[in-house]
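Have a look at the structure below before the remarks.
The values are calculated or read from the model by the stated rules, or taken from the named source; none is laboratory data. In this text the structure is predicted, and so the values were computed from the model without any measurement. Every residue, glycine as well, gets a Cβ built from its backbone with ideal geometry; the counts of neighbours run over all protein chains shown. Heavy atoms of the whole protein, side chains included, go into the accessibility calculation; ligands, DNA and RNA do not. Shrake-Rupley method; radii C 1.70, N 1.55, O 1.52, S 1.80 Å.
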Amino acid sequence: MSGKRKRLPELHGSQAAAVDPRAFVTLSASAGTGKTQVLTGRVLRLLLDGAAPETILCLTFTKAGAAEMANRIGAQLAAWVRMKDSDLARDLAALRADVGPAMRERARRLFAKVLDAPGGLRIQTIHSFAQALLAAFPAEAGIAPGFRPIEGRAEQELARSTLAALLAEAEERGDRQLLGDVQCLSLRMGEAGAVEYLMRCAHAAEAMAGFGAPEAIEPLLRRLMQLPEESVADYLAHHCHDDRFDCDLLQAIAEANRRWGTDTGAKVVESVESWLALPAPERAEALPDLALIVFTAAGELRKVTAGQRKADPDYDNHAERLAAAIGDLLRIQNGARLAADMAAGLRAGQAFAAAYTAAKRSAGVADFDDLITWTRKLLAQPGIGEWVRFKLDRRTDHILVDESQDTNRAQWDI
């Protein structure tokens with residue numbers, strides 16, 4: 001067996017420094033560069049230096065990462081039990097540990113020591129750590145004992161049933177706004193995109209509740225976007241009226257294009273005359289059509305032709321003034337539509353987040369975000385948090401964290 005065994009890679013430089021149990025280390029490296037190998041080496045060094053297995057806590061983000069580390073450590077300790085002295089000495093040297101007889105004997109006994117340790121070597125995900133902590137202090141955390149974590153297919157099924165129930169209840173009580181909000185969201189994002197968005201809202205239920213009453217969301221967005229507080233339709237109609245809009249400027253542009261005498265010029269004249277013939281409210285709706293006189297479909301300023309400039313030497317100035325006037329009104333028009341769509345999405349997300357939270361509590365389940373949020377609140381409680389941390393400190397002397405950069409910051413603030 002020893003002849004076929006893959007030897008431990010020798011650690012050099014910063015990797016060797018990182019496995020030294022006496023050092024407090026933060027390791028930053030790209031994927032595939034050996035972070036897990038270094039963390040495994042540090043656990044082995046801790047055990048070799050006499051740390052009790054039950055005092056070591058290894059946290060990672062994924063179950064696969066936790067399983068890989070546990071398998072590596074278990075396989076290495078098992079191999080040391082019957083390994084030839086020369087091979088064992090090479091492994092210890094690769095870890096920058098003492099290679100003397102006493103250390104080799106200690107290495108051979110570590111496998112049994114870990115098996116006999118109360119609770120064993122704790123290698124777990126951050127979520128399983130949070131679950132275990134909450135299960136130990138449910139009353140202090142203010143949650144019902146016996147909750148179950150939910151993930152994967154079960155979470156998707158609960159989300160679908162919650163959304164279906166939410167829409168059915170809205171239909172029953174005649175809540176046209178909520179139904180319209182979900183429809184708007186689906187039209188903009190598609191069915192799959194809308195469901196994914198709603199789940200993201202559900203995972204940030206407190207933030208969604210922080211927007212306040214549903215009817216306050218759109219006014220808030222409009223203030224942030226510096227849109228008028230009054231009805232945007234009324235505002236635009238008012239500013240498209242003859243006594244507010246520079247109709248003389250439009251007439252000058254139409255006259256120049258008429259003198260230009262081309263098909264393109266004739267289309268400009270037709271656009272101006274058609275727009276001026278409309279009542280103010282309809283002019284507001286037709287602003288995008290009028291804008292094509294001075295803007296391209298991509299929203300870029302059209303170049304003034306030599307013929308237009310010849311027909312009216314001041315045409316460049318006319319075009320710039322019209323572009324500025326129409327651009328300001330279009331910003332408000334488009335901004336109001338965007339604010340309305342965003343408000344619809346936020347209201348739908350707020351309603352779904354509340355419904356999904358209630359569904360989880362009714363089913364006695366918690367998702368990963370719940371586990372992190374509840375744990376942070378538990379540890380932050382005055383008096384209670386200090387006592388819980390004291391209980392943790394009595395049990396844990398060494399903490400190793402893997403993949404701490406791979407997910408949201410909140411979970412690593414525990």
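Site pair R259 and A213 shows an inter-label distance of 5.9 nm when each label is modelled 7 Å from Cα along Cα→Cβ.
Average accessible surface for the chain: 55 Å² per residue, computed with a 1.4 Å probe over protein heavy atoms with every protein chain in place. Overall, the accessible surface of the chain at a probe of 1.4 angstrom is composed of carbon and sulfur to the extent of 53 percent. Alpha carbon centre of the range 307-358 versus the range 207-243: separation in Å? That distance is 12 Å. Sorting 40-48, 213-221 by their mean Cβ neighbour count within 10 Å, with the most densely packed peptide first, gives 40-48, 213-221.
Working note: Karplus 6.51/-1.76/1.60 with θ = phi - 60° gives the range 90-104 the couplings 5, 5, 5, 5, 4, 8, 6, 9, 4, 10, x, x, 5, 6, 5 Hz, where Gly and Pro are set to x.
Here is the P(r) of the range 169-235: all C-alpha pair distances, binned every 5 Å from 0, give 3, 13, 14, 22, 26, 13, 7, 1 in whole percents. Residue-wise HN-Hα couplings along the range 196-205, as the Karplus relation 6.51 cos²θ - 1.76 cosθ + 1.60 with θ = phi - 60° gives them from phi, are 4, 4, 4, 5, 5, 5, 4, 7, 10, 4 Hz; Gly and Pro carry x. Taking each residue as 0.36 nm, the span from L179 to L338 lengthens on full extension beyond its C-alpha to C-alpha distance by 55.4 nm.
In the chain, the alpha-carbon atoms span a convex hull of 239 Å³ per residue.
In this label model, R331 and H398 are separated by 6.1 nm, measuring between points 7 Å along each Cα→Cβ vector. What aspartates and glutamates does K35 reach when the alpha-carbon gap must be under 20 Å and sequence neighbours fewer than 8 apart in one chain are set aside? Partners within reach: E10, D20, E68, D91, D402, E403, D406. The relative contact order of the chain, computed from alpha carbon pairs under 8 Å that lie at least 6 residues apart in sequence, is 25 percent.
Is the range 256-303 rounded, prolate or oblate when judged by the Cα gyration tensor, a ≥ b ≥ c being the square roots of its eigenvalues, rounded requiring a/c under 1.5 and prolate requiring a/b larger than b/c? It comes out oblate by the Cα gyration axes.
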